[in-house]
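Single-structure report; data block below.
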Amino acid sequence: MTAQTQPKIFDVNKVRADFPILARRVHGKPLVYLDSAASAQKPQAVIDAISGTYGTEYANVHRGAYYLSEMATRAYEDAREKVRRFINAASPSEVVFTKGATEAINLVAHSFGRAFIKAGDEIVLSAVEHHSNIVPWQLLRDATGCVLKVAPMEADGSFNLGAFAAIIGPRTKLVAVAHVSNVLGTILPVREIAGLAHAVGARVLLDGCQGIVHQPVDVRDLGCDFYVFSGHKLYGPTGIGILWAKPELLDAMPPYQGGGDMIESVSFAKTTWAPAPAKFEAGTPPIVGAIGLGAAIDYLNSIDRAAANAHEEELLRYAMTALAQVPGIKLIGTARHKAAVQSFVMEGAHPHDLATVLDRSGVCVRAGHHCAQPLMELLGVSATTRASFAFYNTHAEVDALVAALRRAQEVLL
Amino acid sequence: MNAESQRAQGLRDDLRTLYQEIILDHGKHPRNFRVVEHHTCKAQGNNPMCGDRVTVTAKVDRGTIADIAFEGKGCAISIASASMMTDALKGQSLDTARKLADAVRDVCTGKDAPAEMEPYLGKLAALSGVRQFPVRVKCATLPWHALLSCLDGPPAEGGQIKTPAEGGQIKKPEATTEK
């Protein structure tokens, strides 16, 4: 193993001890989990918060006039406040809990989209989008007759700001782009995108699923109008996501779903809505998911996040160099501004076959189109293999990936 | 040999069984990789999970597969399966083709194929390696789903997926949807 320059400022073994699953073995080999961009592993603090809530503090929220319900409600709303602080929103009422980032985007497409986007209006996406930031807009297009446009990217996966500026205009009502590409790792120039979009009067939605994981996010500084992300990629549980939106937008937007908990008063003649965020949280919400996400945020605040992110960046550089030295490997996505996600293809070996062989070495990577088929088409590949890194990954794990890839070549080539 | 290294050996053997020489050969050098001229049927198999696609074309003449070929993109398992399928089915009756599709599914899922089908299976028996890799079974069966859609589809350039005719033992292909 060539354990090179381990950053001294970040004690990776200390954080690894916080993630119990990292100690397990797979097929008799130490687990090498390089698929955190699909879903991150959970620290013990999150697991404890979930089981602790169910074990001692659980009841429905916003309903019961009894102690347990009050406790659960407080924990749920505390989680909202933790999210607010984490993204520097002005008020917790701007933070809507959803079941995931996908639902958050669908909420915006359905509510904002149907209320404010008309036939002939334009929505601009980027070439790197995940299906969850494409398909909701296609559904909206089919319902309203609006037009979808796609901002191109450069061959290395970087965003082409000039081409973007050229395709937006007075008809552009919304720009919906990833903060960070889940396939290429490209960090999009979101402040500049937001500035250009606002100059033509368009709103901006950022898909922050990958973005919020690898860098601090300040929604007011980014200048966007909507920011969405999922809990499970941020070391929290599944089934919880966040929609942040500017308060004037949440006020103007009609409800997305009807039900309990989102009303002010209901009669058969007329129902009036509760103000946001309750207006968008019909039914019993993902209570324990929100509390678990709050615990994940507490955990992230307890570690040196700047050092953790620097460690991820260093792992990415190390991996890019090491992978490029394996014969037949071509890196996909080499933009200058990148987060710790690396796609690649190996000559003569399909990503699925690679992933199967790697798995038998205990190495978990993602193979396939990564829910970004239009991007795959642009790249001229049907699939890639993707290794993604979290702060709990090590240089030795990158070495294990490379060694497993060389073994895969023996099996497959 | 201690338990750990025995296990490691077992895992390597699993991989060697999956990626046998014949699978790698057909995966890299697929036979009948083309479109059948004047084909009478055509269908696409699509694995939405991974984006792999296989298009099967065949010329059926009085109940016999006169020619069959495929095109597509996919992993070694799906391409090898398609390639060996086209080799195995040329000149066979539709009835044999359907029975062979069932037998291949049996082989891939760990069941014994009917003894009467053994001679037809031939090198397709190499696909049995996927038994140890449940997520890869769909890769092996993808071209066979496309085949069934092809044979059961409308005679024109239909390409859509249909439930096989009544009486067949073949279930509706679950991994093949096409928009």
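Principal semi-axes of the equivalent ellipsoid, √(5λ) from the alpha carbon gyration tensor of region A:2-155, are 36, 29, 15 Å from largest down. Amide H to amide H distances under 5 Å link residue A:150 with A:125, where only residues 5 or more positions off or on other chains count and H is placed in the peptide plane. Here the residues A:218, A:359, B:14, ranked from fewest to most Cβ neighbours within 10 Å of their Cβ, fall in the order A:218, B:14, A:359. Mind checking which of A:256, A:76, A:54 has the largest fluctuation in a GNM of chain A, springs on alpha carbons under 10 Å? Comparing A:256, A:76, A:54 in a Gaussian network model of chain A, the most mobile one is A:54. Neighbour counts of other Cβ atoms within 10 Å put B:17, B:55 in the fewest-to-most order B:17, B:55.
In chain A, the longest principal axis of the Cα atoms and the axis of helix A:135-144 are about 40 degrees apart. Highest-first packing order for the peptide set A:37-45, B:100-108 is B:100-108, A:37-45, based on the mean count of other beta carbon atoms within 10 Å.
Per-residue 3J(HN,Hα) values for region A:21-29, derived from phi via the Karplus relation 6.51 cos²θ - 1.76 cosθ + 1.60 with θ = phi - 60°, read 5, 5, 8, 7, 10, 10, 6, x, 10 Hz in sequence order (x marks Gly and Pro). Report, ordered by chain and residue number, the aspartates and glutamates lying within cross-link reach of residue A:246, taken as a straight Cα distance under 12 Å and ignoring same-chain residues fewer than 8 apart. Answer for residue A:246, where 12 Å is the Cα cut-off: A:94, A:225, listed by chain and number. Less than 5 angstrom separates the built amide H of residue A:274 from those of A:263, A:264, all sequence-distant by 5 or more or on a different chain.
Given +1 at the Cβ of Lys and Arg, -1 at the Cβ of Asp and Glu and no other charges, the dipole of region A:96-158 around its Cα centre is 300 debye to the nearest 20.
Residues in region A:116-128 carry Karplus couplings, in order, of 10, 10, 10, 4, x, 5, 10, 10, 10, 10, 9, 5, 9 Hz; the curve used is 6.51 cos²θ - 1.76 cosθ + 1.60 with θ = phi - 60°, and Gly or Pro positions show x. Within 10 Å of the Cβ of each residue in A:343-355, the mean number of Cβ atoms contributed by other protein chains is 4. Under the combined filter of DSSP loop state and at most 11 neighbouring Cβ atoms within 10 Å, region A:298-397 retains these GluC sites (Glu not before Pro): A:347.
Tell me, rounded to the nearest percent, the portion of alpha carbon pairs in chain A spaced more than 27 Å apart. Looking at chain A, the distances longer than 27 Å represent 53 percent of pairs. Pairs from the table (A:42/B:28; B:90/B:138; A:233/B:138; A:338/B:138) lying more than 30 angstrom apart at Cα are A:42/B:28; A:338/B:138.
Would you mind checking which residues have amide H under 5 Å from residue A:338's amide H? H placed 1.01 Å from N; only 5 or more apart, or other chain. Result for residue A:338 returns A:187. Against chain A, whose longest principal axis comes from its Cα atoms, helix A:395-412 is set at around 70 degrees. Taking region B:41-98, which trypsin sites (Lys or Arg not before Pro) meet the DSSP loop condition and have no more than 13 other C-beta atoms within 10 Å? Qualifying residues, ordered by number: B:62.
Averaged over the residues of B:68-77, the number of partner chain Cβ atoms lying within 10 Å of the residue Cβ comes to 3. When each of A:131, A:369, B:29 is scored by the number of other beta-carbon atoms lying within 10 Å, the sequence from fewest to most is B:29, A:131, A:369. For trypsin sites (Lys or Arg not before Pro), the sites in region A:1-102 that DSSP calls loop and that have at most 14 other Cβ atoms within 10 Å are A:8, A:24, A:63. Sequentially through region A:362-378, phi angles give Karplus couplings (6.51, -1.76, 1.60; θ = phi - 60°) of x, 9, 9, 10, 9, 10, x, 9, 6, 6, 9, 4, x, 5, 4, 4, 4 Hz, Gly and Pro residues having no value and appearing as x. Per residue, the Cα convex hull of region B:7-164 amounts to 108 Å³.
Packing, taken as the mean count of other beta carbons within 10 Å per residue, orders the peptides A:152-165, A:222-235 from highest to lowest as A:222-235, A:152-165. Only helices enter this figure: runs of n ≥ 4 DSSP H residues, each worth -39500 (n - 2.57), summed and divided by the residues of chain A, yield -11500 deg cm²/dmol at 222 nm to the nearest 500. On a straight-distance basis, which aspartates and glutamates could pair with residue A:99 in a cross-link, Cα separation under 14 angstrom, same-chain partners fewer than 8 positions away excluded? Reachable aspartates and glutamates: A:281. Residue by residue along A:366-376, Cβ atoms of other protein chains within 10 Å of the local Cβ number 2 on average. For the protein assembly as shown, the share of DSSP beta bridges that are antiparallel, to the nearest 5, is 70%. Dipole of region A:234-366 computed with +1 at Lys/Arg Cβ and -1 at Asp/Glu Cβ about the Cα centre; of A:322, A:234, A:257, farthest Cα towards the positive end is A:322.
FYI, it's all coordinate maths here, none of it is from the lab. None of the values given here were measured: they were computed from a predicted structure. Neighbour counts run over all protein chains shown; Cβ positions are idealised from the backbone, glycine included.
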